[in-house]
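These notes are about the structure you will find just below.
The values are calculated or read from the model by the stated rules, or taken from the named source; none is laboratory data. Every value quoted in this text rests on a predicted model; they were computed, and no experiment measured them. Positions of Cβ are generated from backbone atoms using ideal geometry, with glycine treated the same way; all protein chains shown enter the neighbour counts. Heavy atoms of the whole protein, side chains included, go into the accessibility calculation; ligands, DNA and RNA do not. Shrake-Rupley method; radii C 1.70, N 1.55, O 1.52, S 1.80 Å.
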Amino acid sequence: MLFRHRRNPDHRRQRSLPPWRYRIAGLAAAALALSFLQANVGNAAAERAAAEAAPKAAADVVRVAEFLAECPYTHRLPDDPIVFPGLPGASHMHSFFGNDTTHAGSDLASLERGRTSCSPDIDLSSYWVPTLYDGDQEVEPTGTTFYYLGEGVSDDVIRQIKPFPRGLRIVAGNAKATGPQDNTIARWSCLHAGEVNPSQDFVNCPPGTMMESYLDFPQCWNGTDLDSPDHKSHMAYPVNGGCPSTHPVPVPKLRQVLRYPVNGDPARFRLASGPGYTMHGDFFNVWPEEEMAQRVRDCINAIVKCGFDGKP
């Protein structure tokens, strides 16, 4: 008996897909695999970029304990609220920077109510020096930078530096010096003329350059007094990289850098206090306590070079 092969009624559903559909399926699978590959490559590239950026950011930090204020000239007066408080006209002529209300009767309370030329404008401190004369003509500096530094002491002392106490007054240099040997703190040099050796007296700067004055203030405090009868004894300079036992509190070193738009024969120049070696500077601290503390912590203690804003 012959049996005929019966065909499955669902044979149409079991037939192979047309070739073009296989091609589409293959392309879709390839695209999916490529997207996974690109994602992995992208993630790896991002991770490499992040890894490369981290050391670069660290390398960009300059390992110098420093923050600063730029405080342009404001006014001239024959006053000195530290040496001759309450006595207007009792001093030689001074050029003032920073707090523009400074006069013979200024104190912490009055300076706190004042205005400032400084950047940052939170620095209400007052800075002043004897006025420079070219012949009989007053000359004011066009560069007026006040650096707060950790240099001059060892790294372990830098990490212990404390903020200046509010209201601290300091005088640096010797207004009564009778010769260069009486003032080894102040020095004169020429901007962009390194071939001219620095000196305690005026220097002969070549044409196209400017005469500079550098003055470093003491950075060791007795921890008690905001001033002293001679306006110096409450402060001291470091010895062998540390502060002496009489002045155990390390504070920032204030470095005053003034650039005067003059050059040429130094015989033309004089200070209101006398020859170049009588250069001296006065500082009356009116920084907000929290701003000073932040800069000392993040810039000086951390040994990081910061800008006007107190950031690296």
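Normalised by the number of residues in region 246-312, the mean separation of alpha-carbon contacts (under 8 Å, six or more apart) gives a relative contact order of 19 percent. Largest first, the residues Asp216, Asp201 sort by 1.4 Å accessible area into Asp201, Asp216.
What the Cβ-Cβ distance of Asn240 and Lys311 gives, at R0 = 30 Å and to the nearest 0.05, is a FRET efficiency of 0.40. Name the lysines eligible as straight-distance cross-link partners of Lys176: C-alpha to C-alpha under 29 Å, and not fewer than 8 places from it in the same chain. Output for Lys176: Lys232, Lys253. Ser273 exposes around 30 Å² of accessible area when a 1.4 Å probe is run over every protein chain in place. Computed about its Cα centre, the charge dipole of region 174-279 is approximately 120 debye, with only Lys, Arg, Asp and Glu carrying charge at their Cβ. One chain, two ends: His192 and Thr145. Fully extended at 0.36 nm per residue, the span grows by 15.3 nm beyond their Cα-Cα distance.
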